[in-house]
Amino acid sequence: MERPKYKRVVLKLSGEALAGEAGFGIEHSILTDIAAQVKEVVDIGVQVTIVVGGGNIWRGVSGSAKGMDRATADYMGMLATVINALALQDALEAEGLQVRVQSAIEMKAVAEPYIRRRAIRHLEKGRVVIFAAGTGNPYFSTDTAAALRAAEIEAEVILMAKRVDGVYDSDPKSNPEAKKYHHLTYIDILNQGLGVMDATAASLCMDNDIPIIVFDLTRNGNILKAITGHDIGTFIGGEQVNGKGS
């Protein structure tokens, strides 16, 4: 059995990742695959939290662009993340895991309110904690929520699960010559606008020295590989390689 490099992690899932090829809604097979991968890492003693987006159901920015009040559109997006969190909870419990959903917007019938000390206690008891409703505030993304929760619970790494195997200098789907970065600094992300996460989230990670691993969620076993230190995807941290990201 491999030993984990990280003991407490934040797994960041986009809503789109749950939709699969359809691009909207929730694909059940993806839920079950994620749940099986999370169980693998919980079984080796890793404390796992999950922050999930809601873009497969609603995107606040899109609503705002069409004339909707931005705060209202963002609150709708937060509710979409709760739907995804409950779906993930069900899939994880089907794998035999104990799971708690904590929402930044109070809704006692379906989730606990977010309380930092309670979240940490759940982790210490071996439960998976899903953080829903972002930060609870409009104008902030779920990437920022992931960075904030990681800092609050003292997570050792943020695992950015994508549908691509790392960070590239351009879109590898449209540019076959796109260059993949194996190592980047926070400053690289901010200065080059590489789209890994928004500037607020990247700055929070930099200020709190929280490393980020961007990897391909669609490859089975990659969550375990990332946590056990395998060289997959792109590592983002404070140190530079040869004076720049590479």
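Can you report the number of residues in region 170-187 which are without any contact (Cβ under 8 Å) to a residue 60 or more places away in the chain, over 19 Å from Lys12 (Cα atoms) and in contact with a strand residue (DSSP E or B) (Cβ under 7 Å, 6 or more places away or on another chain)?
So the answer is 3.
Would you please name the residue that is surrounded by the fewest Cβ atoms within 10 Å (Cβ to Cβ), looking only at residues in region 1-56 that are under 14 Å from the mean Cα position of the chain (by Cα) and assigned to a loop (DSSP other than H, G, I, E, B)?
Per the criteria, the residue is Ser14.
For region 98-125, give me each residue that is out of contact with any strand residue (DSSP E or B) (no Cβ under 8 Å at 6 or more places or on another chain) and either loosely packed, with under 14 Cβ neighbours inside 10 Å or in a helix (DSSP H, G or I) (or both).
Answer for region 98-125, where residues must be out of contact with any strand residue (DSSP E or B) (no Cβ under 8 Å at 6 or more places or on another chain) and either loosely packed, with under 14 Cβ neighbours inside 10 Å or in a helix (DSSP H, G or I) (or both): Lys108, Ala109, Arg116, Arg117, Ile120, Arg121, Lys125.
Only residues that are among the small types (Gly, Ala, Ser) and either under 14 Å from Val157 (Cβ atoms) or without any contact (Cβ under 8 Å) to a residue 24 or more places away in the chain (or both): list them for region 203-227, please.
Across region 203-227, the qualifying residues are Ser203, Ala226.
Of these, Leu92, Leu88, which one is in a helix (DSSP H, G or I), buried (at least 22 other Cβ atoms within 10 Å of the Cβ) and touching a Leu at 6+ places or on another chain (Cβ under 7 Å)?
Leu88
Only one residue in Gly25, Gly53, Gly67 is closer than 20 Å to Met160 by Cα and not basic (Lys, Arg). Which one?
Gly53
Hey, which of the helices (runs of 4 or more DSSP H) in region 130-246, taking only ones fully inside, have at least 1 residues that are farther than 22 Å from Asn56 by Cα, in contact with a Gly (Cβ under 7 Å, 6 or more places away or on another chain) and modelled with pLDDT under 95?
Passing ranges, in order: 186-192.
The values are calculated or read from the model by the stated rules, or taken from the named source; none is laboratory data. Since the model is a prediction, treat every value here as computed from it, not as a measurement. Glycine gets a Cβ as well: all are built from the backbone with ideal geometry, and neighbour counts include every protein chain shown.
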